[in-house]
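Enquirer: Structure incoming, see below.
The values are calculated or read from the model by the stated rules, or taken from the named source; none is laboratory data. Quick caveat, the model's predicted, so the values are computed rather than measured. Here the Cβ is made from the backbone with ideal geometry for all residues, glycine too, and neighbour counts use every protein chain on show.
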Amino acid sequence: MQVLWRCSKKIDTSDVVGKLNQNAQYLQKELRNAGFNILNTETPIIPLIVGNATILTYMVKDAFDNGYFINDVTPPVVPPNLTRFRISVMASHTKEDMDGLVRLLIKLFDKYELPRYVK
C-alpha cells in the first residue's frame, strides 16, 4: 500500500522557509557569539561540539529537564573528541526559545566545567 501526502501550498513559496532560515542564522550567530564550536554549519541542523560522551549524556538529560529536547551524537558515529549536540531549529521557534537555549547551554557547560569551544 502506498500512502501519498499532498500539500495545497508549495513550501518554497511560503514564509515557513524564510522564517526557518532566519531562525537558523540567528541561533548560529548567538551560539558563535557565546563561544561555542558549531563547526562551519549553515543549516537549521546545528552541531555543537561537547567532546565528552559521558558528560554529553548528562547534559542531554539536563536540557530535557529544562524543556529542551536536543539529540546527542556519540561514538561510533563520530570520534570521541567530536561528540556533540545535534540542535534542530524550527520555523516555529521564537527568539525567546533560542535565547533560552543559549543561556541553558552556557549554564550546562559551566556546570560540567567544560570549555565552550571544544576543538
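Enquirer: Tally the residues that are over 20 Å from Lys119 (Cβ atoms), touching a helix residue (DSSP H, G or I) at 6+ places or on another chain (Cβ under 9 Å) and surrounded by 13 or more Cβ atoms within 10 Å (Cβ to Cβ), restricting the search to segment 49-86.
Expert: Summing the residues that are over 20 Å from Lys119 (Cβ atoms), touching a helix residue (DSSP H, G or I) at 6+ places or on another chain (Cβ under 9 Å) and surrounded by 13 or more Cβ atoms within 10 Å (Cβ to Cβ) in segment 49-86 gives 6.
Enquirer: Here is a follow-up. Would you check if Glu30 is under 28 Å from Tyr112 (Cα atoms), at pLDDT below 95 and within 15 Å of the chain's Cα centre (by Cα)?
Expert: Values: under 28 Å from Tyr112 (Cα atoms): yes; at pLDDT below 95: no; within 15 Å of the chain's Cα centre (by Cα): yes.
So Glu30 does not fit the description; no.
Enquirer: Another question about this same structure. Out of segment 71-96, which residues are within 12 Å of the chain's Cα centre (by Cα) and without any contact (Cβ under 8 Å) to a residue 24 or more places away in the chain?
Expert: If the condition is that a residue be within 12 Å of the chain's Cα centre (by Cα) and without any contact (Cβ under 8 Å) to a residue 24 or more places away in the chain, then Asn71, Asp72 are the ones that fit.
Enquirer: Only residues that are surrounded by 13 or more Cβ atoms within 10 Å (Cβ to Cβ), of a type in the set (A, V, I, L, M) and within 12 Å of the chain's Cα centre (by Cα): list them for segment 33-48, please.
Expert: Passing the criteria: Ile38, Ile46, Leu48.
Enquirer: Sticking with this one: Grab the strands (runs of 3 or more DSSP E) fully contained in segment 20-111, keeping just those with 2 or more residues being among the aliphatic types (A, V, I, L, M).
Expert: 45-49
Enquirer: Within the group Val50, Val16, which residue is at pLDDT below 95 and among the β-branched types (Val, Ile, Thr)?
Expert: Only one candidate qualifies: Val16.
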